[in-house]
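Here the structure comes first, spelled out in structure tokens, and everything after it is commentary.
The values are calculated or read from the model by the stated rules, or taken from the named source; none is laboratory data. From a predicted model like this one, the values you see are computed outputs, not experimental measurements. Don't worry about glycine lacking a Cβ; one is built from the backbone with ideal geometry, like all the others, and counts go over all protein chains shown. Side chains included, ligands, DNA and RNA excluded: accessible areas come from the protein's heavy atoms. Shrake-Rupley method; radii C 1.70, N 1.55, O 1.52, S 1.80 Å.
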Amino acid sequence: MSATRTLTTRPADEASAGFHQSWFPLALASELGAGQVIGRDVLGTRVVCYRDAAGRAVVQGAYCPHLGADLSVGQVVDGQIRCAYHHWRFDCAGRCVDIPAGDKIPPGARIATYPSAEAWGLIWVFNGAVPRFAPPRIPGAEERELVYETHLRGTRNTDPWVATSNGVDFQHLRTLHGLAAVDPDAVRVGEHHIDYRIESPVFVQEGLITGVNTFSQHLSFGDEDMFMLFSGAPIAHGRTLGFYVYGVRDTGRGRDAVADKLESVGRLVRQLIAEDAPVLDTIRFRPGVLVASDRHLARFFKYVREFPRAHPPDA
């Protein structure tokens with residue numbers, strides 16, 4: 001009975017608890033060219049993404065501290081964001097460095113700067129002053145070893161960890177997807193990650209949950225390897241912007257040499273997403289009456305509930 005209470009307990013007021021301190025995908029890296037600015041609603045607030053003078057992705061609060069203009073309609077000038085309204089300009093640490101009117105720059109003329117990273121064709125942002133762990137990876141390979149594609153999945157009216165729970169929901173692999181799934185003997189739950197490995201004479205599956213919102217896996221059938229990553233960012237509580245990645249090993253002979261294999265993996269990933277969509281797009285997610293087959297899910301729900309949270313700096 002106590003186990004059931006543990007599984008169903010949720011924060012009484014999720015909004016007051018803030019958002020999980022995880023790495024969240026904001027945009028396709030290919031969208032963010034030199035001199036471009038992207039605005040995104042995330043973590044209950046709004047941010048802007050642009051590239052600095054060295055080409056690194058920068059993520060900052062979207063609202064100018066002067067009168068609140070949205071910096072996503074501004075410009076990038078010498079690798080810094082400039083407000084379209086009065087041309088106040090901010091450096092990559094968030095400090096105002098220029099007011100064209102000639103006024104003294106007030107100490108409070110700052111915008112929040114978030115930890116950011118670029119990986120797997122995505123721009124990532126961390127909800128916290130200092131990242132607690134590295135950006136997500138895919139087990140079994142380094143990014144440079146793969147030929148991969150990255151896509152926007154779209155929005156969904158659930159929290160991002162709801163879809164991530166599929167990574168340890170081995171029941172649904174059999175019932176919804178019709179796959180001959182095998183439960184792992186052990187799922188290792190760490191401070192910021194959950195992982196497992198399943199081996200049989202014909203296949204290997206490595207699964208990894210990073211933070212609360214990213215599931216990645218490596219599937220190996222003989223000499224055929226497939227790599228996948230699914231992740232989402234909370235636009236607000238109960239609403240998610242999702243992305244996915246799929247890839248194959250780079251043979252060193254160029255993208256064309258693996259094009260057919262890559263397309264085959266892409267078809268599988270799109271099929272899995274399409275089969276999940278009718279359920280996840282309509283679900284009223286409430287972990288309630290669980291059974292023995294949900295033992296890995298139960299550990300995931302506890303992990304999510306205990307995962308650190310924080311309010312974004314400019315919420």
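About the Cα centre of the chain, how large is the charge dipole given +1 on each Lys and Arg Cβ and -1 on each Asp and Glu Cβ? Please answer in debye to the nearest 20.
Values: 33 positive and 36 negative charges, 173 e Å.
Magnitude of the dipole: close to 820 debye.
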- Normalized C-alpha radius of gyration of region 249-315, against 2.2 N^0.38 Å? 1.79
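Roughly what % of Cα-Cα distances in region 165-230 sit above 19 Å, to the whole percent? Show your work: numbers first, answer last.
Values: 653 of 2145 pairs.
In whole percent, the long-distance tail amounts to 30.
Using mean Cβ contacts within 10 Å as the protection proxy, how do 195-203, 158-166, 78-86, 92-100 order, highest first?
The most tightly packed comes first, giving 158-166, 78-86, 92-100, 195-203.
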- Report the label-to-label distance for His87 and Arg255 in nanometres (one decimal), using points 7 Å from each Cα along the Cα→Cβ vector. 4.0 nm
- How many percent of the accessible area of the chain is carbon or sulfur, using a 1.4 Å probe? 51 percent
- What value does region 8-154 have for Rg/Rh, both radii from Cα atoms and Rh as Kirkwood defines it? 1.02
- Task: Tell me what the chain gives for mean residue ellipticity at 222 nm when only DSSP H runs of n ≥ 4 count, each as -39,500 (n - 2.57), the sum divided by the residue total, rounded to 500 deg cm²/dmol.
- Result: -5000 deg cm²/dmol
- Query: Given the Cα atoms of region 175-311, and with Rh set as the inverse mean 1/r over their pairs in the Kirkwood sense, what is Rg to Rh to two decimals?
  - Reply: 0.98
- Starting from the residue with the highest accessible area, list Thr175, Thr210 in decreasing order, probe 1.4 Å. Thr175, Thr210
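Tell me the GluC sites (Glu not before Pro) within region 95-166 that lie in a loop according to DSSP and have at most 13 other beta-carbon atoms within 10 Å. Don't skip to the end; give the middle numbers.
Values: sites: Glu118, Glu142, Glu143, Glu145, Glu149; in loops: Glu142.
Passing both the DSSP loop test and the Cβ count: Glu142.
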- Item | Only Lys, Arg (+1) and Asp, Glu (-1) charged, at Cβ; region 250-315 dipole about Cα centre in debye | 340 debye
- Message: For the chain, set up a GNM with springs between Cα atoms under 10 Å and report which of Leu268, Leu146, Leu26 has the largest fluctuation.
- Response: Leu268
- With a ≥ b ≥ c from the Cα gyration tensor eigenvalues, square-rooted, and the rule rounded for a/c under 1.5, otherwise prolate when a/b > b/c and oblate otherwise, region 195-261 is oblate
- Task: Using only alpha carbons, build the gyration tensor for the chain and give me the equivalent ellipsoid semi-axes, biggest first, whole Å.
- Result: 37, 25, 15
- If each Cα of region 134-189 is one equal point scatterer, what is log10 of I(q)/I(0) from the Debye formula at q = 0.13, 0.27, 0.31 Å⁻¹? -0.54, -1.14, -1.14
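For the chain, what is the relative contact order in percent, using Cα pairs closer than 8 Å and at least 6 residues apart in sequence?
Details: 634 pairs, mean separation 68.3, N = 315.
It rounds to 22 percent for the chain.
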- Euclidean distance of C-alpha centroids, region 205-269 and region 91-140, integer Å: 27 Å
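To the nearest 20 Debye, how big is the dipole of region 37-99 about its Cα centre, given +1 on the beta carbon of each Lys and Arg and -1 on that of each Asp and Glu?
On the way: 7 positive and 6 negative charges, 19 e Å.
Dipole about the Cα centre, nearest 20: 80 debye.
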- Message: If you filter region 28-80 for trypsin sites (Lys or Arg not before Pro), then keep DSSP loop positions with at most 16 other Cβ within 10 Å, what is left?
- Response: Arg56
- Sites matching trypsin sites (Lys or Arg not before Pro) across region 226-289 that sit in DSSP coil, with at most 10 neighbouring C-beta atoms within 10 Å: Arg253, Arg284
- Message: Suppose all protein chains stay in the model; what accessible area per residue would a 1.4 Å probe give for region 175-315, in Å²?
- Response: 50 Å²
